[in-house]
Amino acid sequence: MLLKFQFWKALILLPLLNACTFEEQQVLNKIPKQVNAQSVECFVDDTDTLRFEDVLGNKSFKKFNGPEIGYGHLRRNLWVKLVLQNNTNQTQEVILSTDQIILEKVDFYKKKEGKWNKEEAGWGTAIQNRELPSYLHAFKVSLSPNSRDTVFYRVRNQYQVVRLPLNLFSTQQFYQHYHSYLFYDGLVTMALITAILYCLYNLFYTSQRDRKTLVLYLIYAVNFFIFYTIRISSPAYFTNNQPVIINYFVNIFVFISTYTFVRFGTSFIDPDRKYGNRAISKLIDILFVCTVFVSLFPTWSAIKPLLYLKLSFFLSTIFYLIWSLISNFRRSFLTRIYFFMAMPLITTGMIEGLTNVFGIMEVPNQFFEAFRISICVEMLYILFALIFRERYLSKQIQKRLLKAELEMLESRIEIQENEQKRIARDLHDDLGGTLASLKHIVLSKMVNLLNSEDAKQIKELTQKSGDDLRRISHALMPPDFEKIGLIDSIKELIRGNNSKKIRFEFLENTKDLELEVKASLNIYRILSEIIQNIHKHSGATIVLVQFIQNDKELTLIVEDNGRGFENSTSLTGLGMQNMLSRAKNLDASLNFDSNSNGTTVILEVPYE
């Protein structure tokens, strides 16, 4: 079981850490054959007052144990001594660089022509004030042949965590590395702008419920864009030194983007708020407000309880979203879509926050290259997820409307059937009895008083009235329909409509036909309406009715040799609309083909 857990854990983290290694590498050396980093030692100035001359011969430097140099929220001067060895017989021009852009102040000391020179860098330092025109804190080092030289760093962060991942490059390697960072920044910026424009465009065309989800994602994307632009990409374009306090306030945008991302996620997977935990949700709201409030005061950043408050907010929001995804994974299709699209960004975002905002986690710096890529990919994934969600919810709404429409249609048909049953029963029991009594009186008493021709006419009329009453009654509701079934009822209907003027023929090819009573009755009603229209309008003399059963459907075909009709004018009548409604209730198709040589009506009913 443990092996299985470790396997899945590795499988999840593999895409995120594919470029990372956890070996000890205080200096990631890209030119090991030419230059070696002999030693890396660190010293924390607890007095925060020592100058370079004071630490130059200080014995307090100690080897740092760990994959990368990191001290969390130090708020003290960190001194780093690095010894480099040139292994070649030629002078080596190398570049020492750190990708930790948020370092507020980085001083670099190196010997040049026997004198110690100081170079400056840091988050707010203008490009023209740096030794190299790069927002990566990079410095040139010239190593004589087969020599060993020592360089020093002094790093000071008041508001951010102290991490100093070092890279040793040749000049060409460094600029390739730097340009790849600029390329990733461009991709992230384009992805964020695309997300913002998508939300702004669709705000005008979405429903009220979907608009709230889009607004949350828009706020998240805008805040993330502000955070990424100010903290990560804009230092490459500073022409004047900027106060580091600006970088501190960027944390507020981090917290806002975290909060809105979680709110967007829960709204995405549960738009009707059926499954959320309101108590936890309210707690997160309170923690968010408190976190933003305490972040407004930079002097409070060193108070540990307030740092724990920010950490509680950050972790609670992330884990609440993860809990929502897991608990709704089987329940909601949208959750499964969002889980696979957003989980990599959730994981990498949490790791980035715990590493660079709170300083309680250590990961190799190569991870943050993967983080940039994951931002681009996830932004596109979430945009696709939003588009898919919109279409999915639209289809769900259409299904609900169709279901409601079918329920109303079924209810209307049921009311109609009940009313027809009542009318048929009243015609048969009441009017039928009255006509029978009237026929008896007329034939037994009054006929003898008339001449033979009038008596014959009266007999024919009384017989016809009885036949018409029986035919109408049977058309309204066939006797014993549920007992004799659809086929026999159709045969009875055909037999009742045969006359000297119109000859009906019936062909059927069915085997072990089993239909619900409602479906059978709808088919019967459609056929009855077709026959009634033939009597009224067609002028036909021959009508062929076919009922065919196959593996997937039932087909009712009615053909006559009448005068036909125009589809545009004849499909709007009440009887025709009644047939179409019943066909819709059957999920069937009803088609008409009419010309001067006759009319063909085809009803195709799904049947398995």
Quiz item: For residue 196, which of the numbered conditions (1) at positive phi; (2) out of contact with any strand residue (DSSP E or B) (no Cβ under 7 Å at 6 or more places or on another chain) fails to hold?
Solution: (1)
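Just give me the residues in the range 178-205 being among the polar types (S, T, N, Q) and buried (at least 16 other Cβ atoms within 10 Å of the Cβ), in sequence order. Please lay out each step first, then the result.
Step one: list which residues in the range 178-205 are among the polar types (S, T, N, Q), which gives 180, 189, 194, 202.
The answer is 189, 202.
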Quiz item: Among the candidates 312, 332, which residue alone is surrounded by fewer than 19 Cβ atoms within 10 Å (Cβ to Cβ), among the small types (Gly, Ala, Ser), on the phi < 0 side of the Ramachandran plot and modelled with pLDDT of 75 or more?
Solution: 312
Quiz item: Looking at residue 226, is it among the hydrophobic types (A, V, I, L, M, F, W, C), surrounded by fewer than 19 Cβ atoms within 10 Å (Cβ to Cβ) and part of a helix (DSSP H, G or I)?
Solution: yes
Practice problem: Pairs only if they're at least six apart or on different chains, beta carbon under 8 angstrom, first in the range 50-71 and hydroxyl-bearing (Ser, Thr, Tyr), second assigned to a loop (DSSP other than H, G, I, E, B); list them, first residue then second. | Solution: 71/161; 71/359
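Residues are listed down the side, and each one gets a yes or a no for (1) polar (S, T, N, Q); (2) in contact with a His (Cβ under 9 Å, 6 or more places away or on another chain); (3) farther than 22 Å from residue 249 by Cα:
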position: 92; (1), (2), (3): yes, no, yes
position: 102; (1), (2), (3): no, no, no
position: 121; (1), (2), (3): no, yes, no
position: 129; (1), (2), (3): yes, no, yes
Exercise. Kindly provide the set of residues from the range 534-551 that are more than 55 Å from the chain's Cα centre (by Cα), hydrophobic (A, V, I, L, M, F, W, C) and surrounded by fewer than 17 Cβ atoms within 10 Å (Cβ to Cβ), ordered by number.
Key: 542
Quiz prompt | Selected residue (only one of 495, 525 is of a type in the set (D, E, K, R), buried (at least 18 other Cβ atoms within 10 Å of the Cβ) and either in contact with a Phe, Trp or Tyr (Cβ under 7 Å, 6 or more places away or on another chain) or assigned to a helix (DSSP H, G or I) (or both)) | solution = 525
Exercise. Being open to solvent by less than 20 Å² (accessible area, probe 1.4 Å) and of a type outside the set (Val, Ile, Thr) is the filter here, so list the residues in the range 253-266 that pass it.
Key: 255, 257, 261, 264, 265
Practice problem: Scan the range 239-249 and give yes if some residue there is crowded, with 20+ Cβ neighbours inside 10 Å and within 24 Å of the chain's Cα centre (by Cα), otherwise no. | Solution: no
Practice problem: Can you confirm whether the range 82-98 contains a residue that is of a type in the set (S, T, N, Q) and in contact with a helix residue (DSSP H, G or I) (Cβ under 8 Å, 6 or more places away or on another chain)? | Solution: yes
Self-check item: Residues (out of contact with any helix residue (DSSP H, G or I) (no Cβ under 6 Å at 6 or more places or on another chain), at pLDDT below 90 and aromatic (Phe, Trp, Tyr)) located in the range 249-289
Solution: 275
Quiz prompt | Condition check for residue 135: among the hydroxyl-bearing types (Ser, Thr, Tyr) and farther than 22 Å from residue 149 by Cα | solution = yes
Quiz item: Out of all the residues in the range 568-603, which are over 45 Å from the mean Cα position of the chain (by Cα) and either within 14 Å of residue 538 (Cβ to Cβ) or at pLDDT 80 or above (or both)?
Solution: 570, 594, 595, 596, 597, 598, 599, 600
Quiz item: For the range 61-81, which residues satisfy the criterion of being open to solvent by 50 Å² or more (accessible area, probe 1.4 Å) and not in a loop (DSSP other than H, G, I, E, B)?
Solution: 62, 63, 71
Quiz item: Does residue 154 fit the bill of being in contact with a Gly (Cβ under 9 Å, 6 or more places away or on another chain), more than 17 Å from residue 233 (Cβ to Cβ) and in a strand (DSSP E or B)?
Solution: no
Quiz item: In the range 1-60, which residue that is in a helix (DSSP H, G or I) and modelled with pLDDT of 50 or more is farthest from residue 148 (Cα to Cα)?
Solution: 54
Self-check item: Test: residue 117 is free of Cβ contacts under 8 Å to residues at least 40 places away in the same chain and either open to solvent by 20 Å² or more (accessible area, probe 1.4 Å) or out of contact with any Pro (no Cβ under 7 Å at 6 or more places or on another chain) (or both)
Solution: yes
Quiz item: When both residues are 6+ apart or on different chains and their Cβ atoms are under 7 Å apart, which pairs have a first residue that lies in the range 339-367 and is over 25 Å from residue 217 (Cα atoms) and open to solvent by less than 20 Å² (accessible area, probe 1.4 Å), and a second that is modelled with pLDDT under 80 and not β-branched (Val, Ile, Thr)?
Solution: 363/20; 364/20; 364/22; 364/67; 367/17; 367/20
Quiz item: Is there a residue in the range 83-91 that is assigned to a loop (DSSP other than H, G, I, E, B) and among the aliphatic types (A, V, I, L, M)?
Solution: no
Quiz item: When you scan the range 506-519, how many residues do you find that are closer than 17 Å to residue 578 by Cβ and open to solvent by less than 100 Å² (accessible area, probe 1.4 Å)?
Solution: 1
Quiz prompt | Breaking point among (1) outside any loop (DSSP other than H, G, I, E, B); (2) open to solvent by 40 Å² or more (accessible area, probe 1.4 Å), for residue 274 | solution = (1)
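The values are calculated or read from the model by the stated rules, or taken from the named source; none is laboratory data. Treat the numbers as computed from the prediction; the structure is a model and nothing was measured. For neighbour counting, all protein chains shown are included, and Cβ atoms are generated from backbone atoms with ideal geometry for every residue, glycine included. Please note that ligands, DNA and RNA were not included when accessible areas were found on the heavy atoms of the full protein model with its side chains. Shrake-Rupley method; radii C 1.70, N 1.55, O 1.52, S 1.80 Å.
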